[in-house]
Amino acid sequence: MMMKSGYHTNSTRSLHLYASRSVTVSSVIRDTVIVNISVYRFEYKPKKVKTEHDKKAKKRKHEYEEDEEDEDIKPKKKTKDKKGTEGKKSKKEEEEKWKWWEEERYTDGSKWRFLEHKGPVFAPPYEPLPDKVRFYYDGKPMKLSAPAEEVATFFAKMLDHEYTTKDIFRKNFYKDWRKEMTSEEKSKITDLNKCNFSDMNEYFKAQSEARKQMSKEEKLKIKEENERLLQEYGFCIMDNHKERIGNFRIEPPGLFRGRGDHPKMGMLKRRIRPEDIIINCSKDSKHPKPPPGTKWKEVRHDNKVTWLASWTENIQGSIKYIMLNPSSRIKGEKDWQKYETARRLKKCVDRIRAQYRDDWKSKEMRIRQRAVALYFIDKLALRAGNEKEEGETADTVGCCSLRVEHIKLYPKLDDQEYVVEFDFLGKDSIRYYNKIPVEKRLGVTLKHKTGILWGFMRTSILNKHLQELMDGLTAKVFRTYNASITLQQQLKELSCSDDSIPAKVLSYNRANRAVAILCNHQRAPPKTFEKSMQNLQTKIDEKQNQLSAARKQLKAAKADHKASHDDKSKKAVEVKRKAVQRIEEQLMKLQVQATDREENKQIALGTSKLNYLDPRISVAWCKKWAVPIEKIYNKTQREKFAWAIDMAEKDYEF
DNA sequence: CTGCTCACTTAGGACTGTAATT
DNA sequence: AATTACAGTCCTAAGTGAGCAG
């Protein structure tokens with residue numbers, strides 16, 4: 001049960017960790033993916049018509065029902081819980097057990113028939129600072145007007161962050177801050193460098209300290225208040241079912257901090273008022289009430305969308321939404337559908353791969369470029385790379401927006417011919433660095449490029465082409481497909497039946513890790529990483545000492561037994577042997593833990609687990625190897641993947 | 001086409017509560 | 001009892017891609 005050296009075999013990616021948050025991923029041989037004919041136990045049936053299932057729903061208004069013909073066709077009625085004794089089950093419990101995946105879906109593009117909710121929870125109003133907390137301008141205390149003071153506090157709270165020293169941040173903040181000042185303040189305050197927020201900063205630090213020091217009762221009270229808020233605003237009724245809302249709190253005002261080198265960092269994110277909010281609910285529901293003395297911007301009844309409320313944010317001018325939790329039917333169906341699309345890609349990926357390889361030779365430049373882009377998306381799991389407005393966001397790219405400076409072609413590197421080196425910032429300004437050897441044919445194609453990388457490539461062009469290759473195929477489907485298929489392959493390769501449960505879980509994590517590396521899901525090494533690694537090492541050392549001590553004792557006992565040959569000494573040998581074995585096991589467990597943690601230093605597993613890996617693969621693996629599902633998914637994840645946990649058997653194949 | 005709006009998924013990091021440790 | 005470490009949750013930014021008007 002030693003860790004399999006197989007993790008770094010040539011069938012997986014080898015991984016080198018470098019400083020400065022970049023992970024080098026070297027060559028993957030995934031070109032020979034075998035497409036099996038899989039058994040689809042649960043075929044996705046997008047053609048079925050969703051109908052109202054519950055009598056109660058019928059009693060509700062029938063506004064959208066003209067387009068429903070066959071109300072009574074439903075394969076499975078709601079699974080009745082065990083009758084009799086449990087008849088009095090609470091509503092809540094009943095809801096938790098609702099198996100939406102056994103019901104029909106809407107096919108007319110509508111997302112719901114009935115939607116009722118209480119609207120969002122607004123950020124608490126601004127509380128002016130006590131008079132003793134001073135702001136100083138040019139060394140002199142100055143009382144600010146409430147609006148100017150509020151914005152100043154946003155800055156004061158961030159004083160410890162490095163970005164308050166950044167030019168762009170300061171410039172943006174100062175510009176927006178001035179807008180909140182009275183004319184008097186404007187004329188007085190003319191230089192941000194003369195502003196002293198440190199007293200305010202101290203005050204907030206003291207406040208958060210005080211919060212930590214609160215008594216049990218006080219903390220409990222806050223907890224109860226939060227719970228009450230959750231119960232009141234955190235749920236909605238959608239088509240007869242109580243569903244959890246994902247984000248029912250409106251984002252509070254503050255200073256915008258984009259990721260990476262963002263041109264808008266430091267700008268004021270303004271406070272959202274009821275007048276900014278559009279409410280979406282069904283006509284026949286009890287409409288949410290705006291806070292006393294206020295109005296909603298609009299109340300609409302659009303059942304072609306899934307959101308409950310929306311507002312326009314002032315930094316990018318984009319729309320933000322309040323939507324349901326991932327455990328909800330509406331999110332779950334979509335998620336399930338996503339994996340079914342990826343499974344359809346599995347069936348025709350060979351054909352598509354053959355075609356794009358062929359297209360590398362095309363006389364037409366646009367065909368060649370398209371084919372190369374698609375190859376990168378497929379092989380490297382790059383994102384599509386939509387165009388973005390310059391100066392509005394950080395300069396990041398994906399496949400189609402890659403520029404010449406992001407790749408380098410080495411006709412010969414070390415002992416390999418045609419190596420392409422990628423180095424660019426992707427989503428969230430996470431660096432992607434990778435070198436791959438490419439086939440000669442492709443190397444030659446790339447070699448002829450000068451200046452602009454793609455010229456004609458656009459995600460829209462690529463996606464249009466993909467649509468023709470397979471219904472529902474877009475660039476991101478490749479990421480989903482490659483992630484899931486990689487997990488499945490890795491699990492097959494790494495799992496070993498006589499491994500202990502922890503060793504199996506390590507194998508799972510390694511399979512998960514292979515995917516995270518493929519998708520370039522990185523994280524900042526935890527602040528306490530070095531220290532916690534050291535602590536673990538200390539434990540290992542101690543265990544090792546224990547072990548050698550135990551071994552010595554065993555040896556002594558053996559010698560003793562050899563000399564005396566009596567029963568008593570024989571027993572002693574057995575006892576010592578057991579002890580050695582136990583310590584060996586403990587040591588192994590610690591070592592496994594250390595390996596897992598070290599390998600995970602800059603890799604984030606969560607993102608792929610949550611968004612790219614067909615949960616049925618994991619569920620099936622757990623069943624096959626008798627690993628409790630709790631070892632793989634925490635409570636939230638089990639809620640999100642309830643459909644998969646319920647339907648996947650141990651022989652499920654992606 | 002092209003640009004723009006809208007809806008929705010995907011993403012990393014901050015925050016928090018709790019369990020483990022001292 | 002206090003402190004620390006870590007997992008889980010929350011937060012919201014940053015993507016993808018469809019659809020529409022011109």
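Please list A:THR538, A:THR153 in order of solvent-accessible area, largest first, computed with a 1.4 Å probe with all protein chains present. Mind dumping the intermediate values first?
Working: A:THR538 70, A:THR153 0 Å².
Largest to smallest exposure gives the sequence A:THR538, A:THR153.
For the pairs A:LYS338/A:LYS640; A:LYS221/A:LYS527; A:LYS334/A:LYS601; A:LYS543/A:LYS568, note any where the Cα-Cα span goes beyond 24 Å.
Numbers: A:LYS338/A:LYS640 14 Å; A:LYS221/A:LYS527 32 Å; A:LYS334/A:LYS601 32 Å; A:LYS543/A:LYS568 28 Å.
Table pairs above 24 Å Cα-Cα are A:LYS221/A:LYS527; A:LYS334/A:LYS601; A:LYS543/A:LYS568.
Are there GluC sites (Glu not before Pro) in the stretch A:393-496 that DSSP marks as loop and that have at most 14 other Cβ atoms within 10 Å, and which are they?
Numbers: sites: A:GLU405, A:GLU417, A:GLU421, A:GLU439, A:GLU468, A:GLU493; in loops: A:GLU439.
Passing sites in the stretch A:393-496 are A:GLU439.
Using +1 on the beta carbon of Lys and Arg, -1 on that of Asp and Glu, and nothing else charged, what's the dipole of the stretch A:142-188 about the Cα centre, debye to 20? If you can, show how the numbers build up before the last one.
Details: 10 positive and 9 negative charges, 40 e Å.
Magnitude of the dipole: close to 200 debye.
Send over a whole-number figure in Å² for the accessible area per residue of the stretch A:136-180, probe 1.4 Å. Walk me through the numbers on the way to the answer.
Details: 2440 Å² over 45 residues.
Counting only protein heavy atoms, the per-residue value for the stretch A:136-180 is 54 Å².
Lys/Arg Cβ at +1, Asp/Glu Cβ at -1, dipole of the stretch A:261-380 taken about the Cα centre: which of A:PRO263, A:THR341, A:SER362 is farthest positive-ward?
Value computed over the given set: A:SER362.
Return the aspartates and glutamates within reach of A:LYS388: Cα separation strictly under 17 angstrom, same-chain partners fewer than 8 residues apart disregarded; answer none if there are no such residues.
A:ASP261, A:ASP428
Based on the Cβ-Cβ distance from A:ALA626 to A:ASP199, what FRET efficiency comes out when R0 is 45 Å, to the nearest 0.05? Working shown, then result.
On the way: r = 61 Å, r/R0 = 1.35.
My answer for the efficiency is 0.15.
Restricting things to alpha carbons, tell me how big the stretch A:496-647 is in terms of Rg and Dmax, in Å.
Considering the stretch A:496-647 through its Cα atoms, Rg and Dmax are 21.1, 65 Å.
Which percent of the accessible heavy-atom area of the stretch A:496-647 goes to carbon and sulfur, probe 1.4 angstrom?
C and S fraction of accessible area: 52 percent.
Per residue, how many Å² of accessible area does the stretch A:496-647 show with a 1.4 Å probe?
Working: 8030 Å² over 152 residues.
Per residue, the stretch A:496-647 has 53 Å² of solvent-accessible surface.
At 0.36 nm per residue, and after removing the present C-alpha to C-alpha distance, how many nm does the segment from A:THR294 to A:ARG582 gain when stretched out fully?
96.9 nm
Kindly give the semi-axes, whole Å and largest first, of the ellipsoid equivalent to the stretch A:273-355, taking each as the square root of 5 times a Cα gyration tensor eigenvalue. Can you show the working numbers first?
On the way: eigenvalues 295, 53, 18 Å².
Semi-axis lengths for the stretch A:273-355 are 38, 16, 10 Å.
Which entries in the list A:LYS157/A:LYS194; A:LYS539/A:LYS635; A:LYS175/A:LYS320; A:LYS363/A:LYS440; A:LYS589/A:LYS631; A:LYS363/A:LYS412 go over 20 Å, if you measure between the two C-alpha atoms of each?
Details: A:LYS157/A:LYS194 17 Å; A:LYS539/A:LYS635 30 Å; A:LYS175/A:LYS320 24 Å; A:LYS363/A:LYS440 17 Å; A:LYS589/A:LYS631 15 Å; A:LYS363/A:LYS412 26 Å.
With Cα atoms farther than 20 Å apart: A:LYS539/A:LYS635; A:LYS175/A:LYS320; A:LYS363/A:LYS412.
Within the stretch A:344-371, what residues put their amide N at less than 12 Å from the label point 7 Å along the Cα-to-Cβ vector of A:ARG441?
From the stretch A:344-371, the list is A:353-362.
Roughly how many Å² of A:MET365 are accessible to a 1.4 Å probe, to the nearest 10?
90 Å²
What fraction, in whole percent, of alpha-carbon pairs in the stretch A:476-539 exceed 14 Å separation? Write down the numbers at each step before the final one.
On the way: 1355 of 2016 pairs.
Percentage above 14 Å: 67.
Could you state the number of Å between the C-alpha centres of the stretch A:113-149 and the stretch A:161-220?
If you average the Cα positions of each part, the centres end up 11 Å apart.
Name all residues of the stretch A:154-194 having a backbone nitrogen under 13 Å from the label point set 7 Å from the Cα of A:TYR136 along its Cα→Cβ direction, giving them as ranges.
Residues A:194 qualify, since their backbone N sits under 13 Å from the label point.
Using 0.36 nm times the number of residues separating A:GLN337 and A:PHE456, minus their current alpha carbon distance, what extension gain do you get?
Numbers: separation 119, 0.36 × 119 = 42.84 nm, distance 3.14 nm.
Full extension from A:GLN337 to A:PHE456 adds 39.7 nm.
Quote the FRET efficiency, to the nearest 0.05, computed for A:ALA563 versus A:LYS589 with a Förster distance R0 of 45 Å and r equal to the Cβ-Cβ distance. The partial results should precede the final answer.
On the way: r = 35 Å, r/R0 = 0.79.
Calculated value: 0.80.
If you stretched the chain out fully between A:LEU610 and A:ARG357, how much longer would it get, using 0.36 nm times the residue separation minus the C-alpha to C-alpha distance? Walk me through the intermediate numbers first.
On the way: separation 253, 0.36 × 253 = 91.08 nm, distance 3.19 nm.
Going from the current span to full extension adds 87.9 nm.
Picking from A:GLN534, A:ALA514, A:ILE583, whose Cα lies most toward the positive end of the charge dipole for the stretch A:496-647 (charges on Cβ: Lys, Arg +1; Asp, Glu -1)?
Ranked along the dipole, the leading option is A:ILE583.
Evaluate the charge dipole of the stretch A:496-647 about its Cα centre and quote only its size in Debye, nearest 20, assuming +1 on the Cβ of each Lys and Arg and -1 on the Cβ of each Asp and Glu. Spell out each step's value before the answer.
Details: 31 positive and 18 negative charges, 62 e Å.
That gives a dipole near 300 debye.
The values are calculated or read from the model by the stated rules, or taken from the named source; none is laboratory data. Just so we're clear, the structure is a prediction, and the values are computed from it rather than from any experiment. Neighbour counts run over all protein chains shown; Cβ positions are idealised from the backbone, glycine included. For the accessible areas, the whole protein counts, side chains as well, though only heavy atoms, and no ligand, DNA or RNA atoms are used. Shrake-Rupley method; radii C 1.70, N 1.55, O 1.52, S 1.80 Å.
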